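Here is the structure we will look at.
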Amino acid sequence: MRDGEAGLGASGRQYLGVIRRSTTRLHALVEDLLLIAQIEAKRIDLTLAPVDVQALASRSIESARPAATEKGVSLELITDHPPDVVADSIRIAQVTDNLVANAVKFTNEGGSVTVSVEADGDGLLLRVADTGIGIPREEHGQIFSRFFRASTATRQAIPGPGLGLAISRALVEQHGGTTTLTSRQGEGTDVTGSLRTSQ
């Protein structure tokens with residue numbers, strides 16, 4: 001229909017655009033809910049192989065760049081070219097996508113998002129730091145809970161189901177790693193995931 005074969009006018013194409021965007025958001029939400037259910041039921045299978053996390057982070061940055069450019073948010077990748085990790089590339093890509101998209105979403109115009117992938121002993125650290133709205137200290141203990149949304153986000157009516165951080169932490173833990181968060185309201189948030197070079 002959007003290709004014009006149905007003879008729709010400008011308003012019809014506009015409505016179809018709205019339908020498509022809404023359908024895309026619903027599809028992503030359903031996929032996230034299914035993934036959370038699989039993780040909680042311990043029914044997620046990992047396909048392990050050497051993974052270049054730096055390359056995954058770079059692709060996540062490029063995917064988020066249009067949204068960042070529209071908001072006037074700068075994106076930067078810092079890396080010391082760490083070795084590959086043994087991981088499931090699809091699941092780690094979900095982690096990098098979630099963290100970068102989240103950081104862009106909660107950073108206002110003129111802010112910045114910095115992604116770093118650096119060696120750390122027998123593993124590496126994936127760190128996404130932003131200069132965004134931040135999270136009140138009293139809410140830090142809840143931030144990785146599914147469906148939890150920080151009060152700073154709800155006050156500014158920033159949309160989202162509150163699943164990104166919960167999924168990211170769960171996937172990192174599935175790989176034997178850990179995830180930490182530091183944040184100051186009005187100053188920004190730093191999320192760091194640790195991954196080992198071998199399983």
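The values are calculated or read from the model by the stated rules, or taken from the named source; none is laboratory data. These numbers come from a predicted model, not from an experiment. Backbone-built Cβ (ideal geometry, glycine too); neighbour counts: all protein chains shown. Accessible surface areas use protein heavy atoms only, side chains included; no ligands, DNA or RNA. Shrake-Rupley method; radii C 1.70, N 1.55, O 1.52, S 1.80 Å.
So which residues in segment 144-181 are free of Cβ contacts under 8 Å to residues at least 12 places away in the same chain and either closer than 14 Å to residue 132 by Cβ or over 16 Å from the mean Cα position of the chain (by Cα) (or both)?
If the condition is that a residue be free of Cβ contacts under 8 Å to residues at least 12 places away in the same chain and either closer than 14 Å to residue 132 by Cβ or over 16 Å from the mean Cα position of the chain (by Cα) (or both), then 154, 155, 157 are the ones that fit.
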field: Yes/no for residue 91 being without any contact (Cβ under 8 Å) to a residue 60 or more places away in the chain and under 22 Å from residue 145 (Cα atoms)
entry: no
message: Anything in segment 124-166 that is under 25 Å from residue 79 (Cα atoms) and at pLDDT below 90? List them, or say none.
response: 164
query: Restricting segment 91-115 to residues that are at pLDDT 95 or above, open to solvent by 10 Å² or more (accessible area, probe 1.4 Å) and of a type in the set (S, T, N, Q), which is farthest from residue 173 (Cα to Cα)?
result: 112
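Scan segment 27-72 residue by residue and report those that are part of a loop (DSSP other than H, G, I, E, B) and modelled with pLDDT of 75 or more.
Selection gives 44, 45, 46, 47, 48, 52, 72.
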Whichever residue in segment 49-74 is open to solvent by 30 Å² or more (accessible area, probe 1.4 Å) and touching a helix residue (DSSP H, G or I) at 6+ places or on another chain (Cβ under 8 Å) and, among such residues, is farthest from residue 32 (Cα to Cα): 74
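One line per residue, one yes/no per condition, for (1) outside any loop (DSSP other than H, G, I, E, B); (2) surrounded by fewer than 17 Cβ atoms within 10 Å (Cβ to Cβ):
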position	(1), (2)
147	no, yes
153	yes, no
158	no, yes
165	yes, no
169	yes, no
172	yes, no
176	no, yes
180	yes, yes
186	no, yes
message: If the requirement is being within 21 Å of residue 47 (Cα to Cα) and either among the charged types (D, E, K, R) or more than 15 Å from the chain's Cα centre (by Cα) (or both), which of these qualifies: 120, 88?
response: 88
Entirely in segment 75-145, the strands (runs of 3 or more DSSP E) that have 3 or more residues that are closer than 12 Å to residue 57 by Cβ: 112-120, 123-130
